[in-house]
Amino acid sequence: MKLIILQFISLGAAQILTVLLLSPFINTLIKKIKALLQGRYGPPLLQGYYDLTKYFCKESVVSKHASWIFITTPYIYFATTLFASLLIPTFYDIASLNVLGGIILLIYIFGLGRFFVAIASMEPGSGFCGMASSREMMLALLIEPVMLLALFVLVLMSGSTNIPSIFNLPMLSSCSFCPFYSFCC
Amino acid sequence: MLETILLQSSFLGFITAAALTLALSKVSKKLSIYFSGILGVISCCLSLSSSTLALLNHKSFLVTYQLLIPLVGKFQLVIDPLAAFFILLISLLSIPVSIYSIGYLKSEYINKNVGLLCALFHLFILSMILVVSTNNGIVFLILWEVMTLISFFFVISDTENNSSKHAGFIYLLMTHIGSAFLLIAFLILAQYTNDFSFTSFTQIGDQLPAKLKLLLFIFILIGFGTKAGLIPLHIWLPEAHPQAPSHISALMSGVMIKTGLYGIIRFIFSFLSPFPYSWGLILATISILTAVTAIIYASTENNLKRLLAFSSIENMGIVMLPIGSAMTLFSLGYTSLAAFSLICGLFHALNHSLFKGLLFMLAGAINSACHTLNLEKLGGLIKLMPQTAFFFLIGSLAICSFPPFNGFASEWLIFQSLLLSFQVKLELVKILFPVFAVLLGLTGTICAATFVKAFSSIFLALPRSHQVKNACEVSLSMKIGTGMLAVLCLTIGIAPSFVLSLLSKIPESLNISSESPVYSFNYNFIQLLPQGFASFSPTAILVLLTVLIPIGYIVSRILGQKTNYRKTETWNCGVTGQADFEYTPTAYSQPLEVVFSELHTPENFYHDHLYIPLINGIKNLAHAIRPIQAGSLQIYLGYIFITLIICLVWLSL
């Protein structure tokens with residue numbers, strides 16, 4: 001039992017670390033490819049890390065109308081993203097984590113993060129933030145049904161809402177990241 | 001035996017409370033309010049423990065009174081697991097509502113007829129408990145009317161307001177149309193049994209001709225659907241709920257509309273089965289359409305209580321959806337799946353009553369602090385009413401079904417119950433159920449947008465009007481009442497297994513046998529079968545979230561600036577007058593209105609296209625038969641003569 005927990009924690013930590021360290025690179029890579037397709041040069045491949053360094057050196061400024069929600073939202077949003085990264089097999093397929101709730105949990109965890117970002121952006125009381133928040137929710141509700149439909153097709157084909165079983169679908173083995181393209185939206 | 005005593009003493013408690021508060025209010029209004037709250041809590045605790053015991057023991061019990069009612073005989077109550085669940089639902093919500101009512105009535109209604117309000121409050125709870133536990137058609141209809149009338153009195157309680165009279169009128173009219181259909185349904189059933197008792201109605205479905213059964217189904221759908229707020233019979237709900245005092249709105253929205261659900265389940269599964277599977281598809285389609293359209297209305301609404309009322313309609317749709325799928329699966333022979341669907345529906349009904357009760361009570365708190373419920377005028381209350389804001393946030397998260405709250409637990413189960421349809425051999429079901437699931441997901445996202453708008457325009461940024469600036473936190477009893485519900489939302493969210501174990505025997509009592517159940521659970525883990533289809537561990541979700549949230553903080557502390565953040569004014573293009581620059585709730589939902597402009601028909605759509613033609617039809621009919629009523633004595637005598645002759649001819653044939 002102890003061993004399982006230890007293994008779980010170490011694997012989880014490794015997964016989180018991989019995602020944390022690689023995601024700025026992948027983000028830039030997507031931007032780079034997009035730029036190349038549009039005939040531009042695009043940013044250098046390490047731009048994500050440069051940006052992060054710059055942001056970490058900056059001072060944080062908070063509107064004086066904001067409350068604790070504004071302060072805690074970044075941590076909650078960050079946590080939901082980490083949570084999702086634990087559920088999706090990237091570095092290692094942590095099968096034991098599928099007891100948590102499978103694909104539906106994944107969707108609602110993203111929803112939870114989005115909810116907090118949307119209310120936090122209403123905090124400063126500026127017109128621009130409100131507009132952004134409104135559009136964020138708007139886009140989410142346009143995307144979500146499409147994403148759900150795509151995912152439910154896979155669920156019905158694999159006969160399971162557990163994420164690894166969806167991955168192991170024979171038709172997806174050639175391009176096992178297929179279902180998660182929809183998350184890019 | 002213990003259950004019977006507990007339930008009987010709770011009845012006694014409600015009646016004593018009603019009489020005592022009415023008498024005490026002549027002496028001291030405050031005393032009467034306190035007595036009402038305390039006696040309410042005690043009586044509800046009694047009925048709650050009685051129903052919990054009944055559910056844990058998985059057996060029905062009888063309560064018989066030596067009271068003779070004409071046509072009925074002895075007044076008898078039968079509390080089977082289904083009735084016990086609804087008693088649990090009613091009493092569980094009524095406890096916090098009773099506590100809340102102390103502070104709420106003191107701050108809002110002290111100058112009005114408090115004694116009557118309190119007495120009616122107890123009678124209202126009592127009538128709802130009796131409605132779900134009675135065993136006789138006539139008594140059921142009488143109690144159904146009593147329940148409707150008491151809530152009608154609450155709707156028109158605001159006597160200075162003309163709109164409350166209008167709302168009351170629509171409410172009374174709609175519910176009476178519903179009652180009329182129910183009456184006909186009961187009379188048709190009684191024709192076949194010569195008796196009004198539910199025991200004789202049970203399993204009468206075999207004897208009824210198919211066409212008559214279909215007619216009965218439609219009548220029941222209209223009768224109970226009106227109470228449950230299924231579109232297009234919902235029009236009374238957004239009118240009536242905002243007019244009632246908030247603690248009553250909580251009960252009406254949280255519990256009373258669920259009696260419609262009770263009626264549909266009781267009628268269809270106990271009385272009318274077997275039935276064709278298409279009935280289930282009809283109910284499921286109506287439910288999901290109700291859910292989607294109602295939440296679109298809610299998202300563009302700017303009055304908080306109306307918004308919540310529309311969201312109640314939406315949630316009733318979500319509750320009815322698994323009931324519809326259970327009907328389909330039951331008549332196709334997948335009884336274990338049907339049992340699971342039914343349990344999901346009932347579970348969501350319980351959860352909805354908790355978070356909707358919470359939100360309505362908070363709306364009352366906001367109204368008593370700011371004297372407005374218009375989202376356009378509120379704002380910035382998180383600093384003035386921090387606890388209320390926190391509870392509202394929990395309520396919003398629960399209603400948008402985000403983990404780890406109770407809404408997520410039941411919605412997860414509903415999703416799974418729909419997706420499990422891949423086992424069904426019928427193509428139509430295989431196609432429709434995943435589509436229902438997707439629409440359910442759409443409902444969830446619109447709900448999130450709605451409650452982001454509601455929460456942020458009430459509590460965040462700056463107050464939009466003067467009356468809001470002077471708001472202060474509500475009294476302790478109101479905070480305890482709402483706080484209890486917030487805690488319940490979280491507890492059920494992280495430990496749904498307990499509720500499931502209470503619910504697990506209900507399908508069996510309705511003759512939906514589940515020999516090979518499709519789910520298994522222990523204290524913190526729910527698993528769906530076939531093995532590995534899905535599993536759910538809400539406690540682990542909470543633990544993982546609480547572990548992960550500090551990680552972001554730690555990372556930002558290690559890598560980021562060591563100084564604290566700087567507070568400053570929001571940049572507004574260099575203009576002062578911050579509150580005027582805030583994004584308004586109307587603007588917030590405007591994109592939604594544009595996207596769903598085809599669906600977002602104005603509310604009087606139903607009025608113009610359904611009710612007005614109906615009313616005109618009746619008027620024309622009345623016009624057409626007016627010549628018969630000429631007003632002259634000779635003609636009337638002639639009618640009697642003709643009738644006599646027809647009767648004689650009829651008899652001689």
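The values are calculated or read from the model by the stated rules, or taken from the named source; none is laboratory data. As the structure is a computational prediction, the values presented were derived from the model and not from experiment. Quick reminder, even Gly has a Cβ in these numbers, built from the backbone with ideal geometry, and neighbours come from all protein chains shown. Each accessible area value is taken on the protein alone, full model and side chains, heavy atoms only, with ligands, DNA and RNA left out. Shrake-Rupley method; radii C 1.70, N 1.55, O 1.52, S 1.80 Å.
Okay, here's what the table says:
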quantity	calculated
Residue among B:PHE196, B:ALA228, B:LEU212 farthest towards the positive dipole end of the range B:138-238, charges placed on Cβ	B:LEU212
Average beta carbon contacts from partner chains per residue of A:77-88, 10 Å cutoff	4
Evaluated at q = 0.05 Å⁻¹: base-10 log I(q)/I(0), Debye formula over Cα of chain B	-0.24
Nearest-20 debye value, chain B charge dipole, Cβ charges on Lys, Arg, Asp, Glu	940 debye
Length-normalised contact order for chain B - Cα pairs under 8 Å, 6+ apart - percent	13 percent
Coordinate range along principal axes, alpha carbons of chain A, Å, largest first	51, 46, 35
Cross-link reach list, aspartates and glutamates versus B:LYS112, counting only Cα pairs under 19 Å and skipping chain neighbours closer than eight places	B:ASP158, B:GLU160
Förster radius 25 Å - calculated FRET efficiency between B:LEU648 and B:ARG626 (Cβ-Cβ, nearest 0.05)	0.30
Equivalent ellipsoid dimensions for the protein assembly as shown as semi-axes, Å, which come from the Cα gyration tensor, largest first	48, 32, 27
Debye, to nearest 20: dipole size of chain A, +1 on Lys, Arg Cβ, -1 on Asp, Glu Cβ	380 debye
Calculated on alpha-carbon atoms, Rg and Dmax of the range B:607-652 in Å	16.8, 50
Distance violations [Cα-Cα > 25 Å] among A:LYS58/B:LYS567; A:LYS54/B:LYS453; B:LYS453/B:LYS479; B:LYS356/B:LYS377; B:LYS29/B:LYS479; B:LYS59/B:LYS479	A:LYS54/B:LYS453; B:LYS59/B:LYS479
Orientation-averaged projected area, Cα convex hull of the range B:1-135 (nm²)	8.2 nm²
Longest segment of chain B lacking GluC sites (Glu not before Pro) that sit in a DSSP loop with at most 10 other Cβ atoms within 10 Å	B:161-514
Calculated log₁₀ intensity ratio I(q)/I(0) where the Debye formula runs over C-alpha points of the range B:366-495, q = 0.10, 0.11, 0.13 Å⁻¹	-0.44, -0.51, -0.65
Dimensionless Rg/Rh of the range A:1-59 - Kirkwood Rh, Rg from C-alpha atoms	1.24
Peptide A:53-63, shielding by other chains (average Cβ, 10 Å cutoff)	4
The protein assembly as shown, accessible surface, carbon-and-sulfur percent (1.4 angstrom probe)	70 percent
Test item: Cα-centred dipole of the protein assembly as shown, Lys/Arg +1 and Asp/Glu -1 on Cβ, debye	1160 debye
Overall dimensions of the range B:210-321 by Cα: Rg and Dmax, Å	14.4, 46
Length gained when the stretch B:ASN113-B:PHE525 is fully extended (0.36 nm per residue, less Cα-Cα span)	143.3 nm
Neighbour cut-off at most 14 other Cβ (10 Å), DSSP loop, trypsin sites (Lys or Arg not before Pro), the range A:1-68	A:ARG40, A:LYS58, A:LYS64
Theoretical gain in end-to-end length, B:ILE177 to B:ALA587 [0.36 nm per residue, Cα-Cα removed]	143.8 nm
Residue with peak Gaussian network fluctuation, chain A [Cα springs, cutoff 10 Å], from A:PRO124, A:PRO44, A:PRO89	A:PRO44
Accessible-area order (highest first, 1.4 angstrom probe) of the listed residues B:THR335, B:THR563	B:THR563, B:THR335
Of A:LEU156, A:LEU52, A:LEU139, the one that fluctuates the most in a GNM where chain A has Cα springs shorter than 10 Å	A:LEU52
Sum of side-chain charges, B:GLU376 neighbourhood, beta-carbon under 14 Å (Lys, Arg +1; Asp, Glu -1)	+1
Per residue accessible area in Å² of the protein assembly as shown, where ligands, DNA and RNA are left out and the probe is 1.4 Å	40 Å²
Trypsin sites (Lys or Arg not before Pro) within the range B:424-512: DSSP coil, no more than 12 neighbouring Cβ in 10 Å	B:LYS425
Largest-first principal axis extents, alpha carbons of the range B:333-418, Å	55, 20, 20
Partner chain coverage, peptide B:538-551 - average Cβ within 10 angstrom	5
Trypsin sites (Lys or Arg not before Pro) restricted to the range B:551-653 and DSSP loop, no more than 10 other C-beta within 10 Å	B:LYS562
Under 14 Å from the B:CYS472 label point (7 Å along Cα→beta-carbon), backbone N, the range B:373-390	B:384-386
